[in-house]
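Asks: So that we are looking at the same thing, I have put the structure below in C-alpha coordinates.
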Amino acid sequence: MSKILSQKEVVFDRSRYPLLIGRGIINELAARLAERTRNRDVLIVYDNYFEASINDKLAASLRLAGFRVLLHPLEGGKVNKNINEVLKIYGLLESQDFSRDSTLVAVGGGVVGDLGGFVASTYLRGINLVHIPTTLMAMIDSSLGGKVAINFRKTINAIGGYYHPIINLIDLDFIDALPLRDYRAGLAEAIKCAVIADAEYFRFLLDRGAAILEKSEPDLLRVIDRAIEIKIDHVSGDVHEGGKRLKLNYGHTLGHAVESSTVTDDGETYRHGEGVALGIMAAAYIAWRHLGLKEQAYQAQREIFDRYRLPVVVEAAKIGFERAALIDECLRNVKKDKKRKDHVIRMVLASGIGQSAIYNDVPFSLIEEAFREIVK
Ligand SMILES: NC(=O)c1ccc[n+]([C@@H]2O[C@H](COP(=O)([O-])OP(=O)(O)OC[C@H]3O[C@@H](n4cnc5c(N)ncnc54)[C@H](O)[C@@H]3O)[C@@H](O)[C@H]2O)c1
(Lines give C-alpha, C1' and ligand atoms only; values in the text may rest on other atoms or scores of the structure.)
Protein backbone atom coordinates (compact mmCIF):
# COMPACT_ATOMS: atom_id res chain seq x y z
CA MET A 1 0.00 0.00 0.00
CA SER A 2 1.33 3.40 -0.84
CA LYS A 3 0.20 6.73 0.56
CA ILE A 4 1.24 9.99 -1.07
CA LEU A 5 1.40 12.81 1.48
CA SER A 6 2.79 15.56 -0.70
CA GLN A 7 3.94 16.01 -4.27
CA LYS A 8 5.72 18.68 -6.23
CA GLU A 9 7.08 19.26 -9.67
CA VAL A 10 10.71 20.27 -9.44
CA VAL A 11 12.12 22.50 -12.17
CA PHE A 12 15.89 23.04 -12.44
CA ASP A 13 17.59 24.15 -15.65
CA ARG A 14 15.93 22.13 -18.38
CA SER A 15 14.92 19.34 -15.97
CA ARG A 16 11.40 18.95 -14.76
CA TYR A 17 10.52 15.96 -12.61
CA PRO A 18 8.08 14.77 -9.93
CA LEU A 19 9.08 14.63 -6.26
CA LEU A 20 6.76 12.56 -4.09
CA ILE A 21 6.73 12.32 -0.30
CA GLY A 22 4.76 9.53 1.34
CA ARG A 23 4.74 6.12 2.91
CA GLY A 24 5.27 2.89 1.02
CA ILE A 25 5.74 4.96 -2.11
CA ILE A 26 8.65 2.90 -3.40
CA ASN A 27 5.76 0.82 -4.78
CA GLU A 28 4.94 3.79 -7.07
CA LEU A 29 8.19 3.48 -8.97
CA ALA A 30 7.14 0.89 -11.56
CA ALA A 31 4.13 2.90 -12.76
CA ARG A 32 5.96 6.24 -12.68
CA LEU A 33 8.96 4.85 -14.52
CA ALA A 34 6.77 3.26 -17.18
CA GLU A 35 5.37 6.75 -17.87
CA ARG A 36 8.87 8.17 -18.40
CA THR A 37 10.68 5.50 -20.41
CA ARG A 38 9.96 2.56 -22.66
CA ASN A 39 13.27 0.93 -21.83
CA ARG A 40 12.82 -1.85 -19.29
CA ASP A 41 16.38 -2.15 -17.91
CA VAL A 42 16.84 -0.99 -14.32
CA LEU A 43 19.87 -1.19 -12.07
CA ILE A 44 19.18 -0.60 -8.39
CA VAL A 45 22.26 0.62 -6.53
CA TYR A 46 21.34 0.40 -2.88
CA ASP A 47 22.69 0.67 0.61
CA ASN A 48 23.04 -2.94 1.72
CA TYR A 49 21.33 -2.04 4.98
CA PHE A 50 18.09 -2.47 3.00
CA GLU A 51 18.80 -5.83 1.41
CA ALA A 52 15.43 -7.37 2.27
CA SER A 53 13.13 -4.48 1.42
CA ILE A 54 14.89 -3.83 -1.88
CA ASN A 55 14.73 -7.46 -2.99
CA ASP A 56 11.28 -8.27 -1.70
CA LYS A 57 9.49 -5.00 -2.42
CA LEU A 58 11.15 -2.66 -4.89
CA ALA A 59 12.76 -5.20 -7.22
CA ALA A 60 9.74 -7.50 -7.01
CA SER A 61 7.27 -4.75 -7.93
CA LEU A 62 9.42 -3.63 -10.87
CA ARG A 63 9.78 -7.20 -12.14
CA LEU A 64 6.06 -7.71 -11.86
CA ALA A 65 5.60 -4.68 -14.10
CA GLY A 66 7.91 -6.17 -16.73
CA PHE A 67 11.24 -4.54 -15.89
CA ARG A 68 14.56 -6.42 -16.00
CA VAL A 69 16.09 -5.59 -12.63
CA LEU A 70 19.74 -5.87 -11.60
CA LEU A 71 20.91 -5.22 -8.08
CA HIS A 72 24.16 -3.71 -6.87
CA PRO A 73 24.53 -3.45 -3.09
CA LEU A 74 26.85 -0.84 -1.63
CA GLU A 75 28.22 -0.33 1.83
CA GLY A 76 27.11 3.10 3.17
CA GLY A 77 29.82 5.35 4.62
CA LYS A 78 32.05 7.95 3.05
CA VAL A 79 35.02 5.66 2.29
CA ASN A 80 32.98 3.81 -0.33
CA LYS A 81 32.23 6.88 -2.40
CA ASN A 82 35.19 6.08 -4.62
CA ILE A 83 36.26 5.36 -8.18
CA ASN A 84 36.59 1.58 -7.60
CA GLU A 85 32.88 1.29 -6.86
CA VAL A 86 32.13 3.41 -9.92
CA LEU A 87 34.20 1.10 -12.13
CA LYS A 88 32.36 -1.96 -10.82
CA ILE A 89 29.01 -0.38 -11.71
CA TYR A 90 30.21 0.73 -15.18
CA GLY A 91 31.30 -2.89 -15.72
CA LEU A 92 27.88 -4.18 -14.80
CA LEU A 93 26.06 -1.68 -17.02
CA GLU A 94 28.28 -2.52 -19.96
CA SER A 95 28.13 -6.30 -19.55
CA GLN A 96 24.34 -6.15 -19.30
CA ASP A 97 23.94 -3.93 -22.38
CA PHE A 98 22.35 -0.96 -20.63
CA SER A 99 21.57 1.85 -23.05
CA ARG A 100 21.06 5.60 -22.96
CA ASP A 101 17.42 5.32 -21.87
CA SER A 102 17.97 2.64 -19.21
CA THR A 103 17.64 3.62 -15.56
CA LEU A 104 19.80 3.64 -12.46
CA VAL A 105 17.88 3.83 -9.18
CA ALA A 106 19.93 5.01 -6.18
CA VAL A 107 18.48 3.89 -2.84
CA GLY A 108 20.41 5.10 0.18
CA GLY A 109 21.90 8.07 1.99
CA GLY A 110 24.07 10.77 0.45
CA VAL A 111 26.88 8.35 -0.28
CA VAL A 112 24.80 6.07 -2.50
CA GLY A 113 22.92 9.01 -4.05
CA ASP A 114 26.10 10.94 -4.92
CA LEU A 115 27.87 7.87 -6.27
CA GLY A 116 24.86 6.44 -8.12
CA GLY A 117 24.13 9.89 -9.51
CA PHE A 118 27.73 10.24 -10.67
CA VAL A 119 27.57 6.90 -12.51
CA ALA A 120 24.21 7.75 -14.09
CA SER A 121 25.49 11.16 -15.20
CA THR A 122 28.60 9.79 -16.91
CA TYR A 123 27.73 6.36 -18.33
CA LEU A 124 26.98 6.85 -22.05
CA ARG A 125 27.00 10.59 -21.24
CA GLY A 126 23.99 10.14 -19.00
CA ILE A 127 21.31 7.51 -18.37
CA ASN A 128 18.07 7.96 -16.41
CA LEU A 129 18.51 8.50 -12.67
CA VAL A 130 15.95 7.95 -9.91
CA HIS A 131 16.67 9.04 -6.35
CA ILE A 132 15.17 7.19 -3.41
CA PRO A 133 16.89 8.88 -0.46
CA THR A 134 16.86 7.00 2.85
CA THR A 135 18.49 9.40 5.32
CA LEU A 136 16.89 12.68 6.35
CA MET A 137 19.97 14.51 5.09
CA ALA A 138 19.62 12.90 1.67
CA MET A 139 15.87 13.60 1.57
CA ILE A 140 16.15 17.33 2.22
CA ASP A 141 19.57 18.06 0.83
CA SER A 142 21.78 15.74 -1.19
CA SER A 143 19.13 14.20 -3.50
CA LEU A 144 17.99 17.66 -4.53
CA GLY A 145 19.89 20.23 -6.51
CA GLY A 146 21.76 17.95 -8.87
CA LYS A 147 25.23 17.73 -7.33
CA VAL A 148 26.76 14.31 -7.95
CA ALA A 149 30.30 13.35 -7.00
CA ILE A 150 32.80 10.85 -5.72
CA ASN A 151 35.76 11.35 -3.41
CA PHE A 152 39.29 11.01 -4.78
CA ARG A 153 42.12 10.00 -2.46
CA LYS A 154 41.76 12.49 0.39
CA THR A 155 39.64 15.05 -1.43
CA ILE A 156 35.92 14.94 -0.70
CA ASN A 157 33.67 15.31 -3.77
CA ALA A 158 36.76 15.83 -5.93
CA ILE A 159 35.22 14.45 -9.13
CA GLY A 160 31.66 15.23 -10.08
CA GLY A 161 29.13 17.35 -11.86
CA TYR A 162 25.48 18.37 -11.92
CA TYR A 163 22.78 15.91 -12.90
CA HIS A 164 19.10 15.76 -12.02
CA PRO A 165 16.95 12.66 -11.54
CA ILE A 166 13.81 11.94 -13.52
CA ILE A 167 11.92 10.99 -10.34
CA ASN A 168 12.61 11.56 -6.62
CA LEU A 169 10.68 9.35 -4.18
CA ILE A 170 10.88 10.30 -0.51
CA ASP A 171 9.51 7.40 1.48
CA LEU A 172 9.09 8.22 5.17
CA ASP A 173 9.14 4.50 6.02
CA PHE A 174 12.93 4.69 5.71
CA ILE A 175 13.07 7.25 8.51
CA ASP A 176 11.66 4.69 10.98
CA ALA A 177 14.88 2.68 10.81
CA LEU A 178 17.21 5.67 10.81
CA PRO A 179 19.30 5.89 14.01
CA LEU A 180 18.53 8.95 16.11
CA ARG A 181 22.03 10.33 15.66
CA ASP A 182 21.68 10.34 11.86
CA TYR A 183 18.18 11.74 12.14
CA ARG A 184 19.39 14.62 14.31
CA ALA A 185 22.29 15.23 11.94
CA GLY A 186 19.76 15.59 9.10
CA LEU A 187 17.77 18.06 11.17
CA ALA A 188 20.83 20.34 11.23
CA GLU A 189 20.27 20.95 7.51
CA ALA A 190 16.62 21.84 8.15
CA ILE A 191 17.72 24.28 10.86
CA LYS A 192 20.22 25.78 8.42
CA CYS A 193 17.42 26.36 5.89
CA ALA A 194 15.35 28.07 8.60
CA VAL A 195 18.17 30.40 9.68
CA ILE A 196 19.00 31.53 6.16
CA ALA A 197 15.46 32.00 4.91
CA ASP A 198 12.46 31.50 7.18
CA ALA A 199 11.97 32.75 10.73
CA GLU A 200 8.55 31.11 11.03
CA TYR A 201 9.99 27.70 10.14
CA PHE A 202 12.74 28.31 12.70
CA ARG A 203 10.10 28.95 15.36
CA PHE A 204 8.27 25.76 14.36
CA LEU A 205 11.50 23.73 14.62
CA LEU A 206 12.17 25.24 18.04
CA ASP A 207 8.64 24.78 19.40
CA ARG A 208 8.00 21.31 18.01
CA GLY A 209 11.38 19.83 18.98
CA ALA A 210 9.95 16.99 21.11
CA ALA A 211 7.41 15.86 18.49
CA ILE A 212 9.97 16.13 15.70
CA LEU A 213 12.47 14.02 17.65
CA GLU A 214 9.75 11.43 18.11
CA LYS A 215 9.31 11.45 14.30
CA SER A 216 5.63 12.42 14.52
CA GLU A 217 4.35 12.18 10.96
CA PRO A 218 2.70 15.59 10.48
CA ASP A 219 5.70 17.35 12.02
CA LEU A 220 8.18 15.29 10.03
CA LEU A 221 6.27 16.04 6.86
CA ARG A 222 6.41 19.76 7.55
CA VAL A 223 10.13 19.58 8.37
CA ILE A 224 10.86 17.87 5.05
CA ASP A 225 8.39 19.81 2.92
CA ARG A 226 9.60 23.23 3.98
CA ALA A 227 13.30 22.37 3.85
CA ILE A 228 12.78 21.09 0.30
CA GLU A 229 10.91 24.25 -0.72
CA ILE A 230 13.73 26.42 0.62
CA LYS A 231 16.33 24.32 -1.16
CA ILE A 232 14.42 24.47 -4.46
CA ASP A 233 13.96 28.22 -4.09
CA HIS A 234 17.72 28.73 -3.63
CA VAL A 235 18.81 26.32 -6.37
CA SER A 236 16.39 27.17 -9.18
CA GLY A 237 17.93 29.77 -11.42
CA ASP A 238 21.34 29.17 -9.80
CA VAL A 239 22.10 25.48 -10.22
CA HIS A 240 25.81 26.15 -10.78
CA GLU A 241 26.26 28.15 -7.58
CA GLY A 242 26.90 31.71 -8.65
CA GLY A 243 24.72 33.56 -6.16
CA LYS A 244 21.67 32.63 -4.14
CA ARG A 245 22.50 28.92 -4.00
CA LEU A 246 25.65 29.79 -2.07
CA LYS A 247 23.48 30.66 0.92
CA LEU A 248 22.81 26.95 1.35
CA ASN A 249 26.45 26.69 2.37
CA TYR A 250 25.69 28.46 5.65
CA GLY A 251 27.73 26.69 8.31
CA HIS A 252 29.50 24.54 5.75
CA THR A 253 32.79 26.38 5.21
CA LEU A 254 33.92 26.15 8.83
CA GLY A 255 31.88 22.99 9.49
CA HIS A 256 33.70 21.07 6.74
CA ALA A 257 37.00 22.16 8.23
CA VAL A 258 36.02 20.73 11.63
CA GLU A 259 34.71 17.55 10.01
CA SER A 260 37.90 16.93 8.00
CA SER A 261 40.23 17.90 10.84
CA THR A 262 38.67 15.40 13.21
CA VAL A 263 38.77 12.31 11.00
CA THR A 264 40.85 9.61 12.70
CA ASP A 265 42.02 6.13 11.72
CA ASP A 266 38.74 4.88 13.18
CA GLY A 267 36.75 7.08 10.79
CA GLU A 268 34.73 10.26 11.22
CA THR A 269 34.19 11.92 14.60
CA TYR A 270 31.30 14.06 13.39
CA ARG A 271 28.46 13.34 11.01
CA HIS A 272 28.12 15.91 8.23
CA GLY A 273 25.12 17.53 9.97
CA GLU A 274 26.99 17.75 13.26
CA GLY A 275 29.81 19.53 11.44
CA VAL A 276 27.22 21.90 9.97
CA ALA A 277 25.87 22.68 13.46
CA LEU A 278 29.40 23.51 14.66
CA GLY A 279 30.08 25.56 11.52
CA ILE A 280 26.85 27.49 12.05
CA MET A 281 27.84 28.31 15.63
CA ALA A 282 31.22 29.57 14.41
CA ALA A 283 29.56 31.67 11.69
CA ALA A 284 26.95 32.98 14.14
CA TYR A 285 29.74 34.01 16.51
CA ILE A 286 31.44 36.05 13.76
CA ALA A 287 28.15 37.69 12.81
CA TRP A 288 27.35 38.52 16.45
CA ARG A 289 30.79 39.86 17.43
CA HIS A 290 31.63 41.71 14.24
CA LEU A 291 28.61 42.28 12.03
CA GLY A 292 25.85 43.39 14.35
CA LEU A 293 23.84 40.15 14.65
CA LYS A 294 21.73 40.58 17.78
CA GLU A 295 22.86 38.48 20.72
CA GLN A 296 19.34 37.05 20.93
CA ALA A 297 19.63 35.68 17.39
CA TYR A 298 23.04 34.18 18.21
CA GLN A 299 21.63 32.55 21.35
CA ALA A 300 18.56 31.27 19.45
CA GLN A 301 20.85 29.28 17.14
CA ARG A 302 22.64 27.84 20.14
CA GLU A 303 19.34 26.99 21.81
CA ILE A 304 17.92 25.16 18.81
CA PHE A 305 21.00 22.94 18.47
CA ASP A 306 20.88 22.24 22.21
CA ARG A 307 17.26 21.22 21.82
CA TYR A 308 18.21 18.67 19.17
CA ARG A 309 21.34 17.63 21.06
CA LEU A 310 23.55 18.70 18.19
CA PRO A 311 27.07 19.85 19.12
CA VAL A 312 27.76 23.57 19.64
CA VAL A 313 31.34 23.17 20.85
CA VAL A 314 34.15 20.74 20.10
CA GLU A 315 35.61 19.35 23.30
CA ALA A 316 39.05 18.64 21.90
CA ALA A 317 40.44 16.49 24.71
CA LYS A 318 37.29 14.36 24.82
CA ILE A 319 37.66 13.41 21.17
CA GLY A 320 41.39 12.79 21.51
CA PHE A 321 42.84 16.03 20.11
CA GLU A 322 45.09 18.75 21.48
CA ARG A 323 43.15 22.04 21.33
CA ALA A 324 45.79 24.35 19.77
CA ALA A 325 46.78 21.74 17.18
CA LEU A 326 43.15 21.14 16.27
CA ILE A 327 42.47 24.87 15.80
CA ASP A 328 45.55 25.09 13.53
CA GLU A 329 44.38 22.10 11.52
CA CYS A 330 40.88 23.59 11.12
CA LEU A 331 42.41 26.84 9.86
CA ARG A 332 44.64 24.97 7.44
CA ASN A 333 41.60 23.17 6.10
CA VAL A 334 39.65 26.40 5.62
CA LYS A 335 42.54 27.87 3.66
CA LYS A 336 42.54 25.00 1.21
CA ASP A 337 38.75 24.89 1.01
CA LYS A 338 37.42 25.31 -2.51
CA LYS A 339 35.24 28.23 -1.48
CA ARG A 340 38.35 30.34 -0.81
CA LYS A 341 38.75 33.38 -3.08
CA ASP A 342 42.23 34.94 -3.19
CA HIS A 343 43.38 35.70 0.35
CA VAL A 344 39.99 36.15 1.92
CA ILE A 345 37.25 33.71 2.73
CA ARG A 346 33.80 33.86 1.22
CA MET A 347 31.20 33.01 3.83
CA VAL A 348 27.46 33.08 4.31
CA LEU A 349 26.47 34.88 7.47
CA ALA A 350 23.08 35.45 9.05
CA SER A 351 22.07 39.00 9.88
CA GLY A 352 19.04 37.74 11.80
CA ILE A 353 16.94 34.59 11.99
CA GLY A 354 15.56 34.08 8.48
CA GLN A 355 17.99 36.53 6.86
CA SER A 356 21.37 35.89 5.35
CA ALA A 357 23.93 37.37 3.00
CA ILE A 358 27.18 36.38 1.30
CA TYR A 359 30.34 38.09 2.55
CA ASN A 360 33.28 37.90 0.16
CA ASP A 361 36.07 39.10 2.41
CA VAL A 362 35.96 37.62 5.88
CA PRO A 363 39.55 37.83 7.19
CA PHE A 364 41.37 34.81 8.58
CA SER A 365 41.76 36.52 11.95
CA LEU A 366 37.97 36.30 12.45
CA ILE A 367 37.93 32.68 11.35
CA GLU A 368 40.61 31.88 13.90
CA GLU A 369 38.69 33.75 16.59
CA ALA A 370 35.57 31.73 15.74
CA PHE A 371 37.46 28.43 15.96
CA ARG A 372 38.82 29.50 19.35
CA GLU A 373 35.24 30.07 20.40
CA ILE A 374 33.90 26.69 19.35
CA VAL A 375 36.94 24.48 20.03
CA LYS A 376 37.41 24.14 23.78
N1 LIG B 1 24.97 16.06 -3.37
C2 LIG B 1 24.83 16.96 -2.43
O3 LIG B 1 24.30 18.06 -2.65
C4 LIG B 1 25.26 16.62 -1.03
C5 LIG B 1 24.87 17.44 0.03
C6 LIG B 1 25.25 17.07 1.33
C7 LIG B 1 26.01 15.93 1.53
N8 LIG B 1 26.37 15.14 0.47
C9 LIG B 1 27.13 13.89 0.65
O10 LIG B 1 26.31 12.98 1.38
C11 LIG B 1 27.14 12.04 2.05
C12 LIG B 1 26.62 11.79 3.45
O13 LIG B 1 25.33 11.27 3.34
P14 LIG B 1 24.58 10.59 4.58
O15 LIG B 1 24.76 11.45 5.77
O16 LIG B 1 23.22 10.28 4.12
O17 LIG B 1 25.49 9.31 4.84
P18 LIG B 1 25.47 7.80 4.33
O19 LIG B 1 24.93 7.69 2.97
O20 LIG B 1 26.84 7.26 4.55
O21 LIG B 1 24.47 7.14 5.37
C22 LIG B 1 24.81 7.15 6.76
C23 LIG B 1 24.66 5.76 7.37
O24 LIG B 1 23.27 5.47 7.53
C25 LIG B 1 22.95 4.20 6.97
N26 LIG B 1 21.56 4.36 6.51
C27 LIG B 1 21.11 5.01 5.42
N28 LIG B 1 19.78 5.10 5.45
C29 LIG B 1 19.37 4.47 6.59
C30 LIG B 1 18.11 4.24 7.18
N31 LIG B 1 16.98 4.70 6.65
N32 LIG B 1 18.04 3.52 8.33
C33 LIG B 1 19.19 3.08 8.91
N34 LIG B 1 20.42 3.31 8.42
C35 LIG B 1 20.49 3.99 7.26
C36 LIG B 1 24.00 3.98 5.92
O37 LIG B 1 24.22 2.60 5.74
C38 LIG B 1 25.23 4.63 6.54
O39 LIG B 1 25.89 3.75 7.40
C40 LIG B 1 28.55 12.60 2.01
O41 LIG B 1 29.30 11.85 1.08
C42 LIG B 1 28.37 14.03 1.48
O43 LIG B 1 29.46 14.47 0.71
C44 LIG B 1 26.01 15.48 -0.81
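Asks: Check every one of the helices (runs of 4 or more DSSP H) wholly within the range 173-227 and list those with 1 or more residues that are more than 19 Å from the chain's Cα centre (by Cα).
Replies: Where helices (runs of 4 or more DSSP H) fall fully within the range 173-227 and carry at least 1 residues being more than 19 Å from the chain's Cα centre (by Cα), they are 199-207, 209-213.
Asks: What are the pairs, 6+ residues apart or on separate chains, where a residue within the range 83-106 that is within 11 Å of Leu70 (Cβ to Cβ) has its Cβ under 6 Å from a residue that is assigned to a helix (DSSP H, G or I) and at pLDDT 95 or above?
Replies: Ile89/Val119; Leu93/Tyr123; Leu104/Gly116; Leu104/Ala120
Asks: For the range 235-261, name all the residues that are of a type in the set (A, V, I, L, M) and not in a loop (DSSP other than H, G, I, E, B).
Replies: Val235, Leu246, Leu248, Leu254, Ala257, Val258
Asks: Within the range 1-50, which residues are open to solvent by less than 60 Å² (accessible area, probe 1.4 Å) and among the charged types (D, E, K, R)?
Replies: Lys8, Arg23, Glu28, Arg32, Asp41, Asp47
The values are calculated or read from the model by the stated rules, or taken from the named source; none is laboratory data. A quick note: this is a predicted structure, and the numbers were derived from the prediction, not measured. Because the Cβ atoms are built from the backbone with ideal geometry, glycine has one as well, and the counts that use them run over all protein chains shown. Surface accessibility is based on the protein's heavy atoms, side chains included, excluding ligands, DNA and RNA. Shrake-Rupley method; radii C 1.70, N 1.55, O 1.52, S 1.80 Å.
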